[in-house]
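The values are calculated or read from the model by the stated rules, or taken from the named source; none is laboratory data. What you see is a predicted model; the values in this text were computed from it and never measured. As a convention, Cβ positions derive from the backbone with ideal geometry for all residues, glycine included, and neighbour counts pool all protein chains shown. Surface areas here come from the heavy atoms of the whole protein model, side chains and all, with no ligands, DNA or RNA. Shrake-Rupley method; radii C 1.70, N 1.55, O 1.52, S 1.80 Å.
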Amino acid sequence: MYLSIRDRPAGEKAAGSRVATTVVLLGVVSLLTDISSEMVAAVLPLYMTAELGLSLLAYGVVDGLYQGVSALVRIFGGYLNDRTNRPKWVAVFGYGISALSRIALVPAHSFAAITAVITADRLGKGFRTAPRDALIADASEPSMLGRAFGVHRTLDTIGAALGPLVAFGLLLLVPAGYSAVFVASFAFALLGVAMLVLFVPDLRTSGKGLPVRRMVAELASPRLRKPLLAAGLLGLCTVSDGFLYLSLQDSGDFAARWFPLMYVGTNLVYLSLAIPFGRLADRVGRARVFLGGHVALLLTYLVAGGSDGGLIATLVALGLLGAYYAATDGVLPALISRRVSADARGSGIAAAQTVVVLARFAVSLAFAGLWEALGPSPALLFAAGFLMAGIGAASWLLKGIDR
Amino acid sequence: MSLRTKLAAFAAVLVLAVAGTVLYIVDVRETRAEQVASAPPVPVADLATVTAAPHIVFRSTAIGDEYGKVAMVSLRDPAGPRAFTRVACDRVYAHRDAAVCLYSKPSFVTTYQAEVLDANWAIRRELPLAGVPSRTRLSPDGAWAATTTFVSGHAYSSPGDFSTETRISSLRGGPSLNLETDFRLIVDGRRNTAKDRNLWGVTFARDGDTFYATAASGTKTWLVKGSLTGRELVALREDAECPSLSPDGARLAFKTRNGKPEGQWAIAVYDLAAGKTTLLTEQHSVDDQIEWLDDAQVLYGLPRSGTGPSASDVWAASADGTGTPRLFIPDAWSPAVVR
C-alpha cells in the first residue's frame, strides 16, 4: 500500500507514545476558538430576539447560515491548502476571519449586518478545518493518527462546553451586556490566533503546489475512492441529530425547557471517549472503529425509535450518540490522511468531510418525508434497517484498508 | 524568532486581550451608571391616576433603574409622564383587569416564564412557556391568553433550526391548547399535515371562539382563521404574519414580506369583508405584532438604530394607507391599549 507520510526530523515528531506538541497546540487553538464561537452561539438567539427586537424568523435565517455555509467552503479551503502548500497560513486566514467577525458583532445591530458577520465567521470556519486537520496528520506519527485526532477533538469539545458558561457568567456580571460578551469572545479568538501564529510550526508537505488536475486525479484514485464512497454511503444512512432530539423530547414541557442540556450531555460523552477511541483506532484499525461508531448510531436509532420518552432511554440514546461522534469525527480524517499523498492531504480530508455533510443534508430532506408519512418511531426503525445495510456495504468497501 | 521572543509576544497578546476585555467591561458598567445618573429624569405619574382613564401599557426602555419595567401612560398624553409598575417583562399585553407578561431569566441555563397578572400586578397564575418570548395576547372576554415562544432545536430538517410553540391557555381553568398539535390546519381546502409547520402570533375576536394567527410551512406563510371550539385553522391568504384584529372586528393589521428580502417586513391592513389589502406608509421594516390605537390608527414598536441596542420607540400610523407615521411613545416597546 502506498503511504505518503514522509519521515521528519526527530524534533518535530513526538517520541514514543506522546502526541506531537503541534497537535496539542492546535488543540488549544481550537479550544480557545471554540470558547469564542460557542459564547456567541449561546447568546445569539437571546440577543437577536430580546435585545434587538428581531423576530424568530430572522433568527431562523441566521441559524440556517450557521449550519450550512462552512460545509461548502471546506473543500475550497482544502484545495487552497494543497495549492499554496502553506497549511498554517491558510488556517491563520480562516481563524483570523472568524476572530474579526466577533468584534464586528459589537456595532452590528441590523439583521443584514448580523447576517453578514455570521456568514464571514462561518466562511472562516470552512477555510480553517481542512488545513488544520492536514497539519495534525503531518505532525503525527502515522501509527498514532487516531490518538492525535482524538486529543485534538477532546480539546476542541472542552472549548465548546466552556463557551456558553463563560458567556452566561458574563451576562450575570453585566446584565444584558451582549457587547461585553462579544468583546470577550474576540479576546479568546485573538489568543487562539496568536498561539497559532507564534507556536505552530510552518510545516510544508511537499515542494510545489498542487494543480487542479492532480487534485482531481488524487480524489478519484482507487486508494481514496473506496473510503470516500464508504463515508458517503454511511452519510446517506445518517439521520440528522435534530430528528433524534425531537423524538426524544416529544414528552412535554420538561424536555423542551432542558433541551439545551441534551447537547451538553452528548458533548460530555464525546469529550470523554474521543481519546480512548482514537487510541483504539490506532490499535485495532481506524476503519473498524469508524464502522463501530456507526453501530453505536444504529443502537441510538433503535433506542430512540423504541423509546417511550423515559429518562433512562433518553440518557442511553444520548450516550450512544456521543460515542458515535467520538468514534467517527476524528477517526475519519485519521483514516483518510493515510490514504492520500502528502501534497493532496488537505483536499482529501476536506473531500471526505464534504461528502459526509452533503450526504447527510440530502438524507435529512428525504427522511423528513418519511418522518411525516410514518411518524417518528417507525421512521427511526426504518432508518436503522437502512443503516444496517449501509454498515454492511461500507465494511465490504473498507475491507483490508487498516493494514 | 527565538522561543523566548515568541513567549514574550504571546504574553503581550495575553495581557492585551485580558486587560482590554476587563477595561471594556468596566467601561460598559461605568457608562451605564453614568447614563442612569445623567439620563433626563423620566417624568413619573401616579399609577392610580393613569389607570383610572384610558391608557397604554408598555415595556419602558428609557435608560435608568426602571429599564425593562412595565409602565403606562395616559391615552391623552402618550409622550407625557409615565407610571411604573414593579413588573419587568420582555413582552406584555394588558386589559383593564388582567395582564400577561413573558420574560427570560438569564443564568447559566436561561429559563423563561409567563405569568398572568391581576389589576394590582400581582401574579394570578403561571403559564407553560418553552422558549424565548415572542408574542402574547389576551382575548377580549379575558377567558384566554395566547403565548408564542421560540423553541430551539424543535425543528428537525437542520439541527438547531428555529421553530415556534404557540399555546392558547384558558384563564378560567381548563386546558392549555397547543396550536401545532391540537388544531387541524386547512390550506386551499386540503388538510396540511407537514411536520415543519409553525404557528404564531394569535389575535382574538370578540365572540369568544374566533381567533386569527400565522401558519408557516416550507417557505410560505398564511393568515389563518381559527376556531377554539372547532379546533380548526383555515388559511385565508398568503404572506401575512402576526395579525391583529381592529377594535370593530372588521380589519386585520399584519406584517407582510411583499417581495422584500428575508428579515424585512412592510405592514398592511386587510379588510375581512372586502378581501382587500392596503399597504401602510411605514418605510422601516416592522417586526412586531401590531396594536390598534383605535379603528383608524395602528401602533407598533421600532428599534431605534444608531443609538445602540435596546433602544426602541412606539410609532403610530394611519390604517388607511395615507399620511406619515409619527413617533407616539419614545423609549417604549410592546404596547397595549386599555380602555
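The accessible area of B:T278, taken with all protein chains in place and a 1.4 Å probe, comes to roughly 40 Å². In chain A, Cα pairs under 8 Å separated by at least six residues give a relative contact order of 26 percent. With a cut-off of 11 Å between beta carbons, the residues surrounding A:Y325 carry a summed charge of -1, where Lys and Arg count +1 and Asp and Glu -1. In this structure the amide hydrogen of B:A205, modeled in the peptide plane, comes within under 5 Å of the amide hydrogens of B:T210, B:F211, B:Y212, none closer than 5 places in sequence on its chain. Semi-axes of the equivalent ellipsoid of segment A:300-374 are 32, 18, 6 Å, computed as sqrt(5λ) over the eigenvalues of the C-alpha gyration tensor in descending order. Please give the helix B:3-38 orientation as an angle from the longest Cα principal axis of chain B, in degrees from 0 to 90, rounded to the nearest 10. Once rounded, one gets 50 degrees. Restricting the calculation to Cα atoms, segment A:215-403 yields a radius of gyration followed by a Dmax of 16.9, 53 Å.
Note that segment A:27-39 has calculated 3J(HN,Hα) couplings of x, 5, 4, 5, 4, 4, 5, 6, 4, 4, 6, 6, 4 Hz, one per residue in order, obtained from phi through the Karplus relation 6.51 cos²θ - 1.76 cosθ + 1.60 (θ = phi - 60°); glycine and proline are x. Where the alpha-carbon atoms of segment B:270-339 are placed on the principal axes, they occupy 42, 29, 18 Å, in descending order.
Protection proxy ranking, highest mean first, for peptides B:242-253, A:355-366: B:242-253, A:355-366, where packing is the per-residue count of other beta-carbon atoms within 10 Å, averaged. The charge dipole of the protein assembly as shown, taken about its Cα centre with unit charges on the Cβ of Lys, Arg, Asp and Glu (plus for the first two, minus for the last two), comes to roughly 3100 debye. A convex hull fitted to the Cα coordinates of chain B yields 179 cubic angstrom per residue. Ratio of segment B:194-259's C-alpha Rg to 2.2 N^0.38 Å, to two decimals? Its radius of gyration relative to the 2.2 N^0.38 Å reference: 1.08. Residue by residue along A:43-54, Cβ atoms of other protein chains within 10 Å of the local Cβ number 6 on average.
Sorted on the mean count of surrounding Cβ atoms within 10 Å across their residues, most packed first, peptides B:287-294, A:114-121, B:269-276 read B:287-294, A:114-121, B:269-276. Note that segment B:79-217, at 4 °C in a medium of 1.567 mPa s, gets a Stokes-Einstein diffusion coefficient of 80 µm²/s from its Kirkwood radius over C-alpha pairs. As a ratio to 2.2 N^0.38 Å, the alpha-carbon radius of gyration computed for segment A:17-200 takes the value 1.04. Taking every Cα-Cα distance in segment B:1-74 and sorting them into 5 Å bins starting at zero, the pair-distance distribution P(r) comes out as 3, 13, 13, 12, 10, 9, 7, 7, 6, 5, 5, 4, 3, 2, 1, 0 percent. The lysine pair tally for chain B, using Cα distances under 17 Å and a gap of 8 or more places or different chains, is 7.
With q set to 0.12, 0.15 Å⁻¹, the log10 of I(q)/I(0) for chain A, from the Debye formula over equal scatterers at the Cα positions, is -0.98, -1.49. Springs join every pair of Cα atoms under 10 Å in this Gaussian network model of chain B, and among B:A130, B:A143, B:A205 the largest mean-square fluctuation is at B:A143.
Look at the stretch B:108-116: the mean tally of other chain Cβ atoms within 10 Å of its residues' Cβ atoms is 3. Within the listed set B:G323, B:G142, B:G20, the Gaussian network model of chain B (springs between alpha-carbon atoms below 10 Å) gives the highest mean-square fluctuation for B:G20. Counting only DSSP H runs of at least 4 residues, each contributing -39500 (n - 2.57), and dividing by the residue count of chain A, the helix-based mean residue ellipticity at 222 nm comes to -26500 deg cm²/dmol. Please report, to two decimal places, log10 I(q)/I(0) for segment B:62-152 at q = 0.14, 0.16, 0.18 Å⁻¹ as given by the Debye formula with identical point scatterers on the Cα atoms and no solvent. Here log10 of I(q) over I(0) equals -0.53, -0.69, -0.85.
Around A:V197, under 12 Å between beta carbons, what's the net of Lys plus Arg minus Asp minus Glu among the other residues? The answer is +1. A:K399 exposes around 150 Å² of accessible area when a 1.4 Å probe is run over every protein chain in place. Averaging over all projection directions, the Cα-based convex hull of segment B:187-337 occupies 9.8 nm² in the image plane. Charges on Cβ only, +1 for Lys and Arg, -1 for Asp and Glu, centred on the Cα centroid of the protein assembly as shown; of A:G232, A:A137, A:P378, which one is farthest towards the dipole's positive end? Most positive-ward Cα: A:A137.
3J(HN,Hα) couplings calculated from phi for segment B:264-276 with the Karplus curve 6.51 cos²θ - 1.76 cosθ + 1.60 (θ = phi - 60°) are, in sequence order, 10, 9, 9, 10, 9, 10, 10, 7, 5, 6, 8, x, 10 Hz; Gly and Pro show x. Comparing A:G78, A:G392, A:G293 in a Gaussian network model of chain A, where Cα atoms under 10 Å apart are tied by springs, the biggest mean-square fluctuation is seen for A:G392.
Amide H contacts of B:N192 (H built 1.01 Å from N, in plane; Pro and chain starts excluded): B:L185, B:I186, B:V187 sit under 5 Å, all sequence-distant by 5 or more or on other chains.
Shielding by partners for peptide A:371-381, expressed as the average number of C-beta atoms from other protein chains within 10 Å of each residue's C-beta, is 1.
Taking θ as phi - 60° and the Karplus parameters 6.51, -1.76 and 1.60, the scalar couplings of segment A:142-153 work out to x, 6, 10, 4, x, 5, 4, 5, x, 4, 4, 5 Hz in sequence order, x denoting glycine and proline. Have a look at A:A148, A:N85, A:S179 and report the one farthest towards the positive end of the charge dipole of segment A:17-200, computed about the Cα centre with Cβ charges (Lys/Arg +1, Asp/Glu -1). Toward the positive end, the furthest listed residue is A:N85. Binning all Cα-Cα separations of the protein assembly as shown at 20 Å, short to long from zero, yields these whole-percent fractions: 16, 45, 30, 9, 0. Here's how it looks for B:R124: its modeled amide H is under 5 Å from those of B:V116, B:L117, B:D118, which are all 5 or more places away or on a different chain.
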